[in-house]
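Shown next, in C-alpha cells, is the structure this report addresses.
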Amino acid sequence: MILRFGKLFPWLVLLVIGIGWGLAFSLAKMGILAGGMPLGMVFWQMVLSIFLTLVIARLQGRPVPMDRQHIRNYLIVSVLASSIPSSCLMFAAGRVPAGVVSITIAIVPMLTYALAVGLGRESQSLVRLAGLFCGIGAILLLVLPEASLPDRSAVPWILVAAIAPTCHALNNINLSRPVMTDIHPLHIIFGANLFGAMTLLPLALATGHFFVPSLPFGTLEWTIVGNGVINVLAFLGFISVIQLAGPVFASQTGYLVTIAGVVWGMALFGESHSGWVWTSLTVMIIGLSLVSPRRAASTS
C-alpha cells in the first residue's frame with residue numbers, strides 16, 4: 001500500500017488521523033446525550049483499548065513487559081494521558097459544543113513548548129512564544145466575551161476541558177524521557193489503559209457512573225466502540241507518520257484535528273458558532289503554526 005501511494009501515503013494517514021480524532025469529541029457528546037455517564041464511558045473505552053492493543057501486540061509477537069519499572073511508567077502515562085484527560089473531556093462533552101472542545105485541545109503543543117522551556121529542554125524563541133500567547137488568547141476568546149457562547153453556564157466546563165490538554169502536554173514531556181522512548185507504543189497504550197481502567201472502576205462504582213453495555217448495541221455503546229477504536233488506531237497511525245515523515249510533518253495533525261472537530265460538530269449536531277469562536281479558532285491555528293517545531297535547517 002505504501003508503495004502504491006508513494007509520497008502521498010503520509011498525507012493520507014495524517015488526514016485519516018485528523019478526521020478520526022476530530023470525530024472523537026462529537027462521539028463523546030453523542031454518548032453523553034444518549035444517557036451515558038462520563039466515568040463509565042471512559043472505563044469501557046479503556047477496556048476496549050486494552051483488548052485491541054493486546055490482540056495487536058500478540059499478532060506482532062510483542063509480549064507486554066510487566067516488570068516494576070514498566071508498571072511505574074504505565075501508571076504515570078495512565079494518569080496523564082488516560083484517566084484525567086479522558087474524564088475531563090467526557091464531563092465537558094455534554095455541556096460544551098464539540099467544536100469548542102476541539103479548539104481547547106489544540107493548545108497541547110503550546111503548553112508542551114512552555115513546559116520544555118521551563119525544564120531547559122528547549123531554547124526560548126520569540127516566534128514560538130508568540131504561538132504560546134496565541135493559544136492562551138484563543139482560550140480567553142472562548143471564556144471572556146459574554147456573546148462567545150449561547151449558554152454562559154458552559155464556561156466553567158471549557159476550563160474543565162482545558163485540563164485535558166494540560167495533562168497531555170505534561171505527558172509529552174514524560175514520553176520524551178529516555179526510559180519512555182525505549183517502550184513500544186503498543187505497550188504504552190496497553191499499560192496506560194490497563195491501569196487507567198483499574199483506577200476508574202472504583203470511582204465509577206462509587207459515583208454511580210458504572211453501567212453494563214446492553215445488547216443489542218445502541219447509540220451509547222457504538223460511541224464507546226468508535227472512540228475506543230479511534231484512540232488506538234489514531235495513536236498508532238500518528239507514530240507511523242513520525243517514523244515515515246518525521247515529527248515536524250506529524251505535528252500538522254493539530255490543525256486537522258481542530259478543524260475536523262469543528263466540522264463534525266456542525267455536521268452531526270448542527271452547531272453554529274459566534275464570531276468570537278471563529279476568531280478563537282483562527283487565533284489558535286495561527287498559534288499552532290508559530291509553535292510547531294521547525295526543521296533543523298531553519299531558524300526561529
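The values are calculated or read from the model by the stated rules, or taken from the named source; none is laboratory data. Please read these numbers as outputs of a predicted model, since none were measured by experiment. Don't worry about glycine lacking a Cβ; one is built from the backbone with ideal geometry, like all the others, and counts go over all protein chains shown.
Remarks
- Index of the failed condition, Gly228 passing every other in (1) more than 22 Å from Leu54 (Cβ to Cβ); (2) small (Gly, Ala, Ser); (3) in a helix (DSSP H, G or I): (1)
- Residue match in region 189-206 (condition: hydroxyl-bearing (Ser, Thr, Tyr), buried (at least 16 other Cβ atoms within 10 Å of the Cβ) and closer than 27 Å to Ala114 by Cα): no
- Selection of helices (runs of 4 or more DSSP H) fully inside region 26-104 by the criterion of at least 1 residues being at pLDDT below 90, within 14 Å of the chain's Cα centre (by Cα) and closer than 24 Å to Trp222 by Cα returns 84-93.
- Condition met for Ile188 (in contact (Cβ under 8 Å) with a residue 40 or more places away in the chain, under 24 Å from His70 (Cα atoms) and in a loop (DSSP other than H, G, I, E, B)): no
- Single residue of Arg72, Arg95 found to be charged (D, E, K, R), out of contact with any strand residue (DSSP E or B) (no Cβ under 7 Å at 6 or more places or on another chain), without any contact (Cβ under 8 Å) to a residue 12 or more places away in the chain and at negative phi: Arg72
- Residues that are surrounded by fewer than 16 Cβ atoms within 10 Å (Cβ to Cβ) and either modelled with pLDDT of 90 or more or at positive phi (or both) within region 275-300 comprise Gly275, Trp278, Thr282, listed in sequence order.
- Evaluating Ile239 against the criteria (1) more than 18 Å from Trp11 (Cα to Cα); (2) part of a helix (DSSP H, G or I); (3) of a type in the set (Val, Ile, Thr); (4) without any contact (Cβ under 8 Å) to a residue 60 or more places away in the chain leaves one unmet condition, (1).
- Being at pLDDT below 90, touching a Phe, Trp or Tyr at 6+ places or on another chain (Cβ under 9 Å) and among the aromatic types (Phe, Trp, Tyr) is a condition met by at least one residue of region 3-18.
- Any chance Thr181 is modelled with pLDDT of 85 or more and either more than 21 Å from Leu111 (Cβ to Cβ) or among the polar types (S, T, N, Q) (or both): no
- You will find that of Gly22, Gly40, Gly35, the residue that is surrounded by fewer than 14 Cβ atoms within 10 Å (Cβ to Cβ) and in contact with a helix residue (DSSP H, G or I) (Cβ under 7 Å, 6 or more places away or on another chain) is Gly35 and no other.
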